[in-house]
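Since the structure comes first, as structure tokens, the remarks are kept for the end.
The values are calculated or read from the model by the stated rules, or taken from the named source; none is laboratory data. Since the structure is predicted, the reported quantities are computational estimates derived from the model, not experimental observations. Glycine also receives a Cβ, built like all others from the backbone with ideal geometry; neighbour counts cover every protein chain displayed.
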Amino acid sequence: MPKYREARIAKGLKQADISAALRPFGEYVPVPVISRYETGQSLPTPRQHEIMCKVLDSEELLSTQEVKFSFIRRVKPPVGPGTSIYRLTADLPRELADAEAPLAEKLKVCGYSTLVEWQLHNLRLLNRRYKKKKAALDGANIEDGKRIKATHSIGREEEKVNV
């Protein structure tokens, strides 16, 4: 845990004094951020820590492990062509999406935790319907070189939906 507050109080300084002392070194750190450093909610950069140690005449304000931290930025996975993610964006009429109840509420009632889960379920249904229709067309009788349409098509009402 940082010891900035104890060192600052022992020196008789205010947080604003620490903030002002960092400015000549090219480091602008607002007073609320100094407070976050003191409570341990965030850590200063190694350069800021070094300057604060000089201002407060102390070298043991942080452990060496805390000082030598590295910035870790989360990298978004690539999406689009050539990746395993298909980016889907569609504009839907609000009166259709929010008919009878808000979309989020309808999703929860129907057992979907997220909109993506609902989309995945519907894509699986679409794939199943496509396979059945494709199989019906491919397996149709061919007489005189002409295809005959399948006598039965699968409609949306006939799909089984687990409730």
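Quickly run through the range 1-20 and pick out the residues that are crowded, with 17+ Cβ neighbours inside 10 Å and farther than 19 Å from residue 60 by Cβ.
15, 19
For the range 23-65, how many residues meet the condition of being hydrophobic (A, V, I, L, M, F, W, C) and part of a helix (DSSP H, G or I)?
9
Show the residue pairs that are 6+ apart or on different chains and have beta-carbon atoms under 6 Å apart, the first residue being within the range 76-87 and under 17 Å from residue 123 (Cα atoms), the second being at pLDDT 75 or above.
As it stands, the answer is none, since no pair meets every condition given.
List pairs: first residue in the range 99-123 and more than 20 Å from residue 85 (Cβ to Cβ), second residue hydrophobic (A, V, I, L, M, F, W, C) anywhere in the structure, Cβ distance under 6 angstrom, at least six positions apart or on different chains.
Listed by first residue and then by second, the contacts come to 103/97; 107/118.
In the range 34-45, what residues are surrounded by 12 or more Cβ atoms within 10 Å (Cβ to Cβ) and more than 12 Å from residue 4 (Cα to Cα)?
Of everything in the range 34-45, just one residue is surrounded by 12 or more Cβ atoms within 10 Å (Cβ to Cβ) and more than 12 Å from residue 4 (Cα to Cα), namely 45.
When you check residue 66 against the structure, is it in contact with a Leu (Cβ under 8 Å, 6 or more places away or on another chain), modelled with pLDDT under 85 and of a type in the set (D, E, K, R), yes or no?
Judged against the criteria, residue 66 is a match.
Is there a residue in the range 36-54 that is among the small types (Gly, Ala, Ser), modelled with pLDDT of 80 or more and in the same structural domain as residue 9 (by TED's automatic domain parsing)?
yes
Sort out which residues of the range 95-121 are exposed (fewer than 10 other Cβ atoms within 10 Å of the Cβ) and not acidic (Asp, Glu), and write them in order of number.
The answer is 96, 109, 113.
Right, residue 92: out of contact with any helix residue (DSSP H, G or I) (no Cβ under 8 Å at 6 or more places or on another chain) and either small (Gly, Ala, Ser) or modelled with pLDDT of 80 or more (or both) or not?
yes
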